[in-house]
Amino acid sequence: MIERGEFLEHACVFGKHSYGTPKKSLEEARARQLDLVLEIDVQGAEQVRQKLPESVAIFIVPPSRRELEKRIRARNQDREDEIARRLDQARLEMARYLDYDYVVINEDVDRAGEAVRAIAQSARCETKRNRLRVHQILKSFGG
């Protein structure tokens, strides 16, 4: 699929897992006039920004290193060396927060979800996204 250009974004994470978002997902969301929310790493976000400069990038961060470690350990899926690698990678990725339009601190999953929804709603109201429609409305006034 990568060779055929079928991904909007793709990345190899932690040197062993490959992830990607098929372009088909974006096409389907656009056809249905829906927002497409991607849960992707910084590699994928960079690719999306290059291909879709109008996209809205939200960086979600844990409230602290300690809390992130606690959450990783609670999943009970990773060995000690993997946990250390994930925490090191998180530090490197968090240093790139200025590459994003918004930052949501995930202290509480419900509040973080509400913040993301509010950002999406706000983005739908941006002047640049509504320029054509407002122009059509203005024409209805004879202008």
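Read-outs: derived from the displayed coordinates by stated rules, not from any lab. Just so it is clear, the structure is predicted and the values come from calculations on it, not from any experiment. Cβ sites come from the backbone with ideal geometry, for glycine too, and all protein chains shown count toward neighbours.
Helix-derived [θ] at 222 nm for the chain: sum -39500 (n - 2.57) over DSSP H runs of at least 4, divide by residue count, nearest 500?
Result for the chain, helices only: -16500 deg cm²/dmol.
With the dipole of segment 56-140 worked out from charges on the C-beta (+1 for Lys and Arg, -1 for Asp and Glu) around the Cα centre, which of Val103, Thr127, Leu68 lies farthest toward the positive end?
Of the candidates, Thr127 comes out farthest on the positive side.
As an exercise, take the mean of 1/r over every pair of distinct alpha carbons in the chain, invert it, and state the Kirkwood radius in angstroms.
So the Kirkwood estimate lands at 17.7 Å.
Along the three principal axes, how long is segment 72-115 when you take its alpha carbons, biggest first, rounded to the nearest angstrom?
Principal-axis extents of segment 72-115 (Cα, largest first): 33, 24, 11 Å.
Which of the lysines could a cross-linker span from Lys128 if the Cα-Cα distance has to be under 26 Å and same-chain partners fewer than 8 positions apart are dropped?
Qualifying lysines at Cα under 26 Å: Lys23, Lys24, Lys51, Lys139.
Check Ala57: other-chain or 5+ apart residues with amide H under 5 Å from its amide H, H built from backbone geometry?
Those lying under 5 Å, H to H, from Ala57 are Asp101, Tyr102.
Treating only the Cβ atoms of Lys and Arg (+1) and Asp and Glu (-1) as charged, compute the dipole magnitude of the chain about its Cα centre; round to the nearest 20 debye.
500 debye
Using the reciprocal of the averaged 1/r over all distinct C-alpha pairs, how large is the Kirkwood radius of segment 56-140 in Å?
15.5 Å
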